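Student: Pasting in a structure now, in structure tokens, and then I'll have a few things to ask.
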Amino acid sequence: MLLDTPICDFGWKAPEFTLKDPDGNSFTMSEHLGEKGLLIMFICNHCPYVQRISKRLAQDTQSLLDEGINVLAVMSNDYHRVQSDSPENMKIFASENDFNFPYLVDEDQSVGKAYNAVCTPDFFGFNAAGELQYRGRLDDAKMMDASNRVPELINAMHMIAETGIGPKTQSPSMGCSIKWR
């Protein structure tokens, strides 16, 4: 089912969390909230929207990481019901797509619920104070054609890194519903 995310609630504080990657390494949100901000993405392996953008996502997030903007990805789907989203399959998907960011398992779905994540992909851009400044899509689809894309997410994260404030106009992300228990 295709869903759109809610509009950005500017200034909403990022809830703290600690999650593990498929190898059991722990990552705490506040430890990744750098001076240039943090991008938190809710993604999964089986979603066709995520699959379609996965290579671009790896490239774009690498450019953010290179610029000192931190990135975390969270998988909140009930992988007991959707086996293709299991931690073992997360490792495979991350490797196949050259993900250079932590891809974390939200086993009890508490982080997805705390963030009011709606779909995959769902992008949250926070400033250094942990205040939400972007909730939108990877690209502005209205401004795209086959040869030219407008990197809405990248532009927003640059703006947040430089000013602490995100763009006032944002396009909601679209994707598959999170598979709740």
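Matching residues to (1) part of a loop (DSSP other than H, G, I, E, B); (2) under 22 Å from Pro6 (Cβ atoms); (3) under 17 Å from the mean Cα position of the chain (by Cα):
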| site | (1), (2), (3) |
| --- | --- |
| Tyr79 | yes, no, no |
| Ser84 | no, no, no |
| Asn100 | yes, no, yes |
| Gly112 | no, yes, yes |
| Leu138 | yes, yes, yes |
| Ala161 | no, no, yes |
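Student: One residue is enough: does the range 17-40 have a residue meeting the conditions under 24 Å from Phe126 (Cα atoms), among the polar types (S, T, N, Q) and in a loop (DSSP other than H, G, I, E, B)?
Tutor: Yes; the residues of the range 17-40 include at least one that is under 24 Å from Phe126 (Cα atoms), among the polar types (S, T, N, Q) and in a loop (DSSP other than H, G, I, E, B).
Student: Moving on to the next point. When the residues of the range 57-106 are narrowed to those that are among the small types (Gly, Ala, Ser) and either surrounded by fewer than 16 Cβ atoms within 10 Å (Cβ to Cβ) or touching a Leu at 6+ places or on another chain (Cβ under 9 Å) (or both), which ends up farthest from Ile40 (Cα to Cα)?
Tutor: To start, the set of residues in the range 57-106 that are among the small types (Gly, Ala, Ser) comprises 58, 63, 68, 73, 76, 84, 86, 94-95.
In the following step, the residues that additionally are either surrounded by fewer than 16 Cβ atoms within 10 Å (Cβ to Cβ) or touching a Leu at 6+ places or on another chain (Cβ under 9 Å) (or both) were identified as 63, 68, 73, 84, 95.
On the way: Ser63: 15, Gly68: 14, Ala73: 6, Ser84: 21, Ser95: 19 Å.
Only one residue tops the list, namely Ser84.
Student: Then there is this: Just checking, how many residues over the range 41-77 are in contact with a strand residue (DSSP E or B) (Cβ under 9 Å, 6 or more places away or on another chain) and either assigned to a loop (DSSP other than H, G, I, E, B) or at positive phi (or both)?
Tutor: Here the count works out to 9.
Student: Run Leu104 past the list (1) touching a residue at least 40 places away in the same chain (Cβ under 8 Å); (2) part of a loop (DSSP other than H, G, I, E, B) and report the number of the one that doesn't hold.
Tutor: Among (1) touching a residue at least 40 places away in the same chain (Cβ under 8 Å); (2) part of a loop (DSSP other than H, G, I, E, B), the lone unmet condition for Leu104 is (2).
The numbers here are math on the coordinates, done by the rules we state, and not lab data. Just so it is clear, the structure is predicted and the values come from calculations on it, not from any experiment. In this analysis, Cβ positions are derived from the backbone assuming ideal geometry, glycine residues included, and neighbour counts consider all displayed protein chains.
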